[in-house]
Every structure is written in structure tokens, then in C-alpha cells.
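Visitor: My structure is below; once you've seen it, I'll send some questions.
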Amino acid sequence: QVQLVESGGGLVQSGASLRLSCQASGRALSDMTMGWFRQAPGKERSFVAAINKNGLRTNYADSVKDRFAISRDNTKNTVYLQMNSLKPEDTAVYYCTCRLGSLPSDSQSHYEYWGQGTQVTVSS
């Protein structure tokens with residue numbers, strides 16, 4: 001019912017910035033809590049950030065606090081992840097996700113729809 005398409009990944013050096021985008025279709029973005037997760041090679045998928053339906057509440061993993069920022073533009077059906085001061089340990093496939101529930105949860109099991117991911121690689 002909901003389709004999510006990520007873009008904006010790439011190869012950058014340590015300290016650089018990237019902005020990921022996730023465009024949703026199938027229903028209004030304003031109906032959905034949005035989130036980002038990531039998965040590095042050999043590791044479990046982990047929480048990065050989430051944002052509530054009106055954009056007034058956010059949630060971040062400790063590892064990205066003060067470096068990453070999630071935002072949304074419901075008129076464009078798009079959610080963003082601004083990533084600054086990137087580190088090699090940020091290298092992963094980044095996935096956009098959404099849920100109809102209202103809490104910007106850090107639990108993977110709470111989310112209902114997923115994009116196919118975009119690769120972020122940070123070199124040292």
C-alpha cells in the first residue's frame with residue numbers, strides 16, 4: 001500500500017555531510033510516523049532516527065546525536081536525514097520506514113513499510 005524510495009547515498013570522506021531523502025507514495029505522509037534504520041555488513045539492523053507525524057517530536061540513536069537530523073515535508077511526501085561529521089562507522093545501507101502508530105519508536109518491529117535502502121560509505 002505504501003511505497004518508500006530512498007536516495008542521496010554515496011561515498012564520502014570522514015567529516016563530510018550527506019542528505020538522504022525518502023519519498024513516499026500510496027498515502028499521505030502526514031498519516032505516518034517516519035524513521036531511518038541502518039545495517040552495516042555483518043551487523044544487525046539498528047535504529048538511527050524517527051519523527052512524528054507533524055514533525056514536532058524526534059528520536060535519535062545515541063551514536064548519531066548532535067550529528068544527524070531528521071526532518072519532513074508533508075507537502076512533498078518526503079522525509080530527510082541530514083548527516084554531518086560522518087565517520088567510517090556510519091557506513092551502512094540506510095533504510096526508510098514508516099508506521100501508522102504515533103510514537104517515533106526505536107523498535108524495528110513497530111514499523112510497517114520499508115524502502116529498499118541506499119548505500120552510505122564513509123572512508124577514513
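The values are calculated or read from the model by the stated rules, or taken from the named source; none is laboratory data. Just so it is clear, the model here is predicted, and its values are computed rather than measured. As a convention, Cβ positions derive from the backbone with ideal geometry for all residues, glycine included, and neighbour counts pool all protein chains shown. With ligands, DNA and RNA removed, areas are computed over all heavy atoms of the protein, side chains included. Shrake-Rupley method; radii C 1.70, N 1.55, O 1.52, S 1.80 Å.
Visitor: Only one of (1) within 16 Å of the chain's Cα centre (by Cα); (2) farther than 15 Å from Gln119 by Cα; (3) open to solvent by 60 Å² or more (accessible area, probe 1.4 Å) fails for Ser85. Which number is that?
Guide: Every listed condition holds for Ser85 apart from (1).
Visitor: Return the residue satisfying two criteria in turn: it lies in the range 1-34 and is touching a Lys or Arg at 6+ places or on another chain (Cβ under 9 Å) and over 20 Å from Asn52 (Cβ atoms), and of such residues it is surrounded by the most Cβ atoms within 10 Å (Cβ to Cβ).
Guide: Only one residue tops the list, namely Gly8.
Visitor: Being aliphatic (A, V, I, L, M) and modelled with pLDDT under 95 is the filter; apply it to the range 22-55 and report the residue that is nearest to Val93 (Cα to Cα).
Guide: Across the range 22-55, the extreme among qualifying residues is Leu29.
Visitor: Can you list the strands (runs of 3 or more DSSP E) lying wholly within the range 1-67 that have 3 or more residues being touching a residue at least 60 places away in the same chain (Cβ under 8 Å)?
Guide: 3-7, 10-13, 18-25, 33-39
Visitor: Could I ask something else about it? Looking at Gly10, is it of a type in the set (Gly, Ala, Ser), in contact with a strand residue (DSSP E or B) (Cβ under 7 Å, 6 or more places away or on another chain) and modelled with pLDDT under 95?
Guide: no
Visitor: Of all residues in the range 92-124, count the ones that are surrounded by fewer than 20 Cβ atoms within 10 Å (Cβ to Cβ) and either closer than 15 Å to Ser7 by Cα or of a type in the set (Asp, Glu) (or both).
Guide: 8
Visitor: Being closer than 26 Å to Ser124 by Cβ, open to solvent by 60 Å² or more (accessible area, probe 1.4 Å) and not small (Gly, Ala, Ser), is that true of even one residue in the range 67-79?
Guide: Scanning the range 67-79 turns up no residue that is closer than 26 Å to Ser124 by Cβ, open to solvent by 60 Å² or more (accessible area, probe 1.4 Å) and not small (Gly, Ala, Ser).
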